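The values are calculated or read from the model by the stated rules, or taken from the named source; none is laboratory data. If you're wondering where the values come from, they're calculated on a predicted model, not measured in any experiment. All Cβ positions, even for glycine, are placed from backbone atoms using ideal geometry, and neighbour counts span all protein chains on display.
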There are 2 protein chains.
Amino acid sequence: MTTLDTAGGRPARHSLDDVLAAAMAILDENGLADLTMRRLAASLGVQPSALYWHVPNKQTLLALIADRIVSVPGAAGVPGTSTRPGTATRSPDATGIDWQHAARAEALALRDALLAYRDGAEVVSSTLALGLGADDARGRLAAALTGADLAPSAREMAAATLLHFILGHVWHEQQRLQADSLGVVAPGQAADPLEASASHHGPGSFEFGVDLLLDGLAARALRR
Amino acid sequence: MTTLDTAGGRPARHSLDDVLAAAMAILDENGLADLTMRRLAASLGVQPSALYWHVPNKQTLLALIADRIVSVPGAAGVPGTSTRPGTATRSPDATGIDWQHAARAEALALRDALLAYRDGAEVVSSTLALGLGADDARGRLAAALTGADLAPSAREMAAATLLHFILGHVWHEQQRLQADSLGVVAPGQAADPLEASASHHGPGSFEFGVDLLLDGLAARALRR
DNA sequence: ACCTGAACACCGTTCAAGT
DNA sequence: ACCTGAACACCGTTCAAGT
């Protein structure tokens with residue numbers, strides 16, 4: 001079905017874009033555990049070895065996917081431009097825009113982007129040290145913090161803190177989604193909504209964390 | 001060398017404790033990628049299938065390891081008692097103890113515990129939904145926050161926020177350690193100490209994040 | 001109580017060769 | 001420019017059987 005074999009001939013010919021699209025489809029439908037090079041090749045109607053013409057190894061493939069997951073236009077993004085420099089600025093005259101609102105919006109947009117693909121947070125997390133997508137996200141968060149009265153290094157560290165929290169939270173969230181759908185429930189972690197909503201994983205716990213960080217920054221700004 | 005074959009006989013007999021100790025040795029010396037069931041079996045002088053008498057599957061093995069990594073006595077822990085209830089209280093009369101100091105100490109202790117094993121943060125993160133170790137850590141953080149003037153649900157959410165930040169930060173940190181030791185450097189992420197120390201990954205960026213969170217909590221406490 | 005032996009159904013990656 | 005075919009060196013897990 002996704003093989004897309006050329007009408008008459010045998011060997012299907014693909015671009016890197018095709019490969020990434022197919023990989024992301026598998027990721028979303030079956031999860032990271034099922035995203036193997038062999039399964040990906042099969043979904044493209046191609047031999048596994050063919051993938052290594054497009055990509056040097058699986059790790060790079062995952063990094064490219066992470067890049068795409070994170071590069072969807074967020075709250076500050078212009079729709080259609082998927083890649084923007086990390087230090088992108090929003091509208092030049094930022095007067096009247098509350099930086100806390102901007103940072104909050106960016107954080108929520110990043111969470112949505114991660115939630116848009118199954119295991120999105122794990123893919124992006126596992127790829128952190130390779131740069132690319134994660135750096136893009138941190139750049140956007142840092143840009144959103146322009147306006148807070150912070151030294152450049154403090155702004156960078158604050159953006160990193162936000163990013164780490166977001167990845168940690170969403171990953172946990174997606175692990176629970178998967179565990180629940182598999183019926184696997186850990187002893188302490190009750191699956192019934194009663195306990196879930198009353199505890200650290202209820203709705204709003206993400207916003208709580210973001211606001212906590214932003215409150216900390218605001219307190220710092222006041223002390224200068 | 002680690003086979004520990006009984007002097008005279010053929011089949012080596014082991015306890016779950018032996019298995020976990022051998023697994024943690026591999027983890028620390030060779031990393032998570034090399035911690036396979038087959039390699040673990042070989043290090044114990046046993047067939048791979050023998051491991052499945054001690055443990056139902058690899059995921060459970062990793063969860064048990066995560067539990068041990070996290071359960072080292074932290075700042076508030078009594079040395080020797082490795083397992084304590086999640087809602088453990090520290091000394092009853094907490095008057096005079098600054099909760100911010102307690103939470104900070106607990107966060108630093110957790111980071112040290114994660115750093116004590118190669119890929120520690122990834123192992124614990126991947127095991128979050130299974131409860132065990134991660135829950136223990138969150139419980140200790142929540143306990144340390146007793147004294148901050150917070151509603152119980154807020155305290156739980158704050159502990160979760162701290163935990164997610166810590167895992168995200170240390171995982172990133174350990175990824176960089178491994179990337180550096182392999183000589184793999186990402187385009188943007190310069191390996192030279194000049195850029196590293198000037199940015200979000202310099203020394204102190206962990207403390208910065210923790211303090212940011214604690215400042216946010218302090219600001220909240222003031223508003224009540 | 002703890003392990004062997006053999007098998008099943010997979011992996012990622014390389015490399016010469018094809019078109 | 002993009003793919004095949006065949007191979008290499010691995011995986012996690014199951015299960016009957018042994019002691």
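Here the condition is being within 7 Å of chain A (Cβ to nearest Cβ), at pLDDT 90 or above and in contact with a strand residue (DSSP E or B) (Cβ under 6 Å, 6 or more places away or on another chain); of B:Leu213, B:Leu217, B:Leu128, it holds for B:Leu217 alone. Filtering the range B:157-174 for residues that are touching a helix residue (DSSP H, G or I) at 6+ places or on another chain (Cβ under 9 Å), outside any helix (DSSP H, G or I) and facing another protein chain (nearest Cβ under 10 Å) leaves an empty set.
Let's see how each residue does on (1) within 15 Å of DNA strand C (Cβ to nearest atom); (2) modelled with pLDDT of 95 or more:
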{"site": "A:Asp28", "(1), (2)": "no, yes"}
{"site": "A:Leu35", "(1), (2)": "yes, yes"}
{"site": "A:Ala41", "(1), (2)": "yes, yes"}
{"site": "A:Val46", "(1), (2)": "yes, yes"}
{"site": "A:Leu51", "(1), (2)": "yes, yes"}
{"site": "A:Pro56", "(1), (2)": "yes, yes"}
{"site": "A:Leu62", "(1), (2)": "yes, yes"}
{"site": "A:Asp67", "(1), (2)": "no, yes"}
{"site": "A:Gly74", "(1), (2)": "no, no"}
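Within the range B:20-62, the set of residues being within 11 Å of DNA strand D (Cβ to nearest atom), of a type in the set (A, V, I, L, M) and part of a helix (DSSP H, G or I) comprises B:Ala23, B:Ile26, B:Leu32, B:Ala33, B:Met37, B:Leu40, B:Ala41, B:Ala42, B:Ala50, B:Leu51, B:Leu61, B:Leu62.
Look at A:Thr146 and say whether it is more than 14 Å from every other protein chain (Cβ to nearest Cβ) and of a type in the set (S, T, N, Q). Working first, answer last.
Values: more than 14 Å from every other protein chain (Cβ to nearest Cβ): yes; of a type in the set (S, T, N, Q): yes.
The answer is yes for A:Thr146.
Going by the conditions given, is A:Ala134 in a helix (DSSP H, G or I) and either facing chain B (nearest Cβ under 10 Å) or of a type in the set (D, E, K, R) (or both)? Against the criterion (in a helix (DSSP H, G or I) and either facing chain B (nearest Cβ under 10 Å) or of a type in the set (D, E, K, R) (or both)), A:Ala134 qualifies.
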